[in-house]
Each structure stands twice: as structure tokens, then as C-alpha cells.
Amino acid sequence: MSFLTRSAAWCALFAVAYVTLSPIELRPVSPVPVNVERLLAFLIIGALFGAGYWRKLILVLALIVLVAAGLEFAQEFVPGRHGRVSDFAFKAVGAALGAAVAALAVKWLAERR
């Protein structure tokens, strides 16, 4: 399961990076407010990384937060896109919540066996 979880985590991260750095016209549209989208996307990424690498939670969380910051910075170089501190904050909070909950759940399940 760890291989699948880790693979899904990296795929989700690359997919979000691709969408984030694509021209705005190619951005998927949903009825959900964009800040909720950001939080949920990084909550899922955080949960996948937290479950896949639960023994390295601090390192994983630092990686995801750095990637979120890097994506916001990189958007400054994409026509029609812009990075914002508030966007980064939603991503970082989502990543932290997802990683923490998943890592705690995996640890709890491992201890029950």
C-alpha cells in the first residue's frame, strides 16, 4: 500500500503543479470557491504524503510547504498568473491538516496491529 500511496502523492503533486503553472485559460473550472479548491487540493496532497511517508512527517510537510511557496513564486513568470501570499496560506494550511491527520491515522492503525 505504501508504494501506491506514495505514487498517488507524487502524481497529485505533479498534477497540481501542472495546473498551477498552466495559462489561466487552461485552468479547470469548478463551482467551488478557489480558496476552497486550493485548501482541498493541498489537503489531499498532504494526506497522501502523510500516509505514504508518515515516519518522516516534518520533512514531508516542509517539502509540501516549500513546493506551495515555489508554485506561488513561479506563477509570477506565467503570463496571466500571479502568486499571492493568501493563496500560499490556504495551500500550506491544507497540506498541514492533510499530512497530520493522515500520519496520525496511519500510526494509529499500525499500533493496533
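Here are some notes:
- Taken over the stretch 64-81, residues that are in a helix (DSSP H, G or I) and among the charged types (D, E, K, R) amount to 2.
- Every residue from the stretch 59-82 that is free of Cβ contacts under 8 Å to residues at least 24 places away in the same chain and closer than 22 Å to TRP10 by Cα: LEU59, ALA62, LEU63, LEU66, ALA69, GLY70, GLU72, PHE73
- Residue within the stretch 82-97 that is in a helix (DSSP H, G or I) and either among the β-branched types (Val, Ile, Thr) or touching a strand residue (DSSP E or B) at 6+ places or on another chain (Cβ under 7 Å) (or both) present: yes
- Every residue from the stretch 8-34 that is in a helix (DSSP H, G or I) and either at pLDDT below 95 or hydroxyl-bearing (Ser, Thr, Tyr) (or both): TYR18, VAL19, THR20, LEU21, ILE24, GLU25, LEU26, VAL34
- Each residue in the stretch 52-97 was checked for being at pLDDT 95 or above and hydroxyl-bearing (Ser, Thr, Tyr), and 1 pass.
The values are calculated or read from the model by the stated rules, or taken from the named source; none is laboratory data. Fair warning: this is a prediction, and the values are worked out from it, not measured in the lab. Cβ coordinates were reconstructed from backbone atoms using ideal geometry, including for glycine residues, and neighbour counts include every protein chain displayed.
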